[in-house]
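So the structure is just underneath, and the comments pick up after that.
The values are calculated or read from the model by the stated rules, or taken from the named source; none is laboratory data. Keep in mind that this is a model prediction, so the values were computed, not measured. Positions of Cβ are backbone-derived with ideal geometry, glycine not excepted, and every protein chain shown enters the neighbour counts. The accessibility values were calculated without ligands, DNA or RNA, using every heavy atom of the protein model including side chains. Shrake-Rupley method; radii C 1.70, N 1.55, O 1.52, S 1.80 Å.
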Amino acid sequence: MANTRAVLDAEEYPNTEVQKNRVLTLEEWQEKWVNHKIAFHQERGHQLLKKHLDTFLKGAKELRVFFPLCGKAVEMKWFADRGHSVVGVEISELGIREFFTEQNLSYSEEQIMEIPGAKVFKSSSGNISLYCCSLFDLPSYADIMLSLTRTGFQYLLSVFSYDPTKHAGPPFYVPDAEIRTLFGSVCNIHCLEKVDAFEEGHKSWGIDYIIEKLYLFIEK
């Protein structure tokens, strides 16, 4: 493993098109949950989010917080416990059910008639609603996220940087230039922190470094 300081100061990989046609299908994603290949799930929660949570919230009360591709993220309960309303979207019904079970939360479920095959799972307390459907039935992730914002919004985005010629993803390599192209016209973009995220398991991917970056978007 390279020196941590050198890794964090490394330039991004220059070819931003290398993973352009790589797609993780819904079937592949569902299979990960069924076979419990969910190394992306962080049982202790996302530590960069936890560290910068107060920076994001700025003392605000009763926010409506959206978790796209939420899985069974424990962070959703962090926000709910602080009095905020949480809305998540996840294609894996198994992941949603595991969230409520592991967080010891009772819940109800109901069909969404407007979206064939979709369901919504709601906590008995009413402040967590997780929709079981595909976010990517809609045309553009960035457009979806921006369409959901309101005046004065803030948006946290975590991405990974590594050599994409050695690993096809997921997680997918997201260069800084792409972030600024997608969100820069609407948002002021701040990189709150970047950390060396390399772990032993990443060696099997064929990479020797991976950097996680946490961005804060603020409406211009």
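Of all the criteria given as (1) part of a loop (DSSP other than H, G, I, E, B); (2) touching a Phe, Trp or Tyr at 6+ places or on another chain (Cβ under 6 Å); (3) closer than 24 Å to Leu26 by Cα, the one not satisfied by Asp163 is (3).
Taking every residue in the range 32-49 that is more than 18 Å from Leu156 (Cα to Cα) and open to solvent by 90 Å² or more (accessible area, probe 1.4 Å) and pairing it with any residue that is assigned to a loop (DSSP other than H, G, I, E, B) and at pLDDT 85 or above, at least 6 positions away or on another chain, the pairs with Cβ-Cβ distances below 8 Å are Glu43/Val74; Arg44/Val74. Filtered by the rule that a residue be open to solvent by less than 20 Å² (accessible area, probe 1.4 Å) and closer than 12 Å to Gln103 by Cβ, the range 80-93 gives Ala80, Val86. For Lys51, the requirement of being of a type in the set (Lys, Arg), in contact with a strand residue (DSSP E or B) (Cβ under 8 Å, 6 or more places away or on another chain) and within 26 Å of Ile211 (Cα to Cα) is met. Across the range 51-64, the number of residues qualifying as surrounded by 14 or more Cβ atoms within 10 Å (Cβ to Cβ), assigned to a helix (DSSP H, G or I) and without any contact (Cβ under 8 Å) to a residue 40 or more places away in the chain comes to 2.
Scanning the range 1-25 for residues that are surrounded by 13 or more Cβ atoms within 10 Å (Cβ to Cβ), assigned to a helix (DSSP H, G or I) and either of a type outside the set (Val, Ile, Thr) or in the same structural domain as Glu93 (by the TED database) (or both) yields a count of 1. Note on the range 95-141: among residues that are surrounded by 15 or more Cβ atoms within 10 Å (Cβ to Cβ) and of a type in the set (A, V, I, L, M), the one that is farthest from Trp29 (Cα to Cα) is Leu105. Note on the range 155-185: residues that are open to solvent by less than 20 Å² (accessible area, probe 1.4 Å) and either of a type in the set (Val, Ile, Thr) or assigned by the TED database to the domain that holds Ala39 (or both) amount to 2. The C-beta contact set for the range 1-25 (first residue closer than 14 Å to Asp196 by Cα, second residue open to solvent by 60 Å² or more (accessible area, probe 1.4 Å) and modelled with pLDDT of 70 or more, distance under 6 angstrom, 6+ apart or interchain) comprises Leu8/Lys194.
Tell me whether the range 111-126 contains one or more residues that are in contact with an Asp or Glu (Cβ under 7 Å, 6 or more places away or on another chain) and among the charged types (D, E, K, R). Yes, some residue in the range 111-126 is in contact with an Asp or Glu (Cβ under 7 Å, 6 or more places away or on another chain) and among the charged types (D, E, K, R).
Taken together, the residues in the range 187-204 that are surrounded by fewer than 16 Cβ atoms within 10 Å (Cβ to Cβ) and more than 19 Å from His46 (Cα to Cα) amount to 3.
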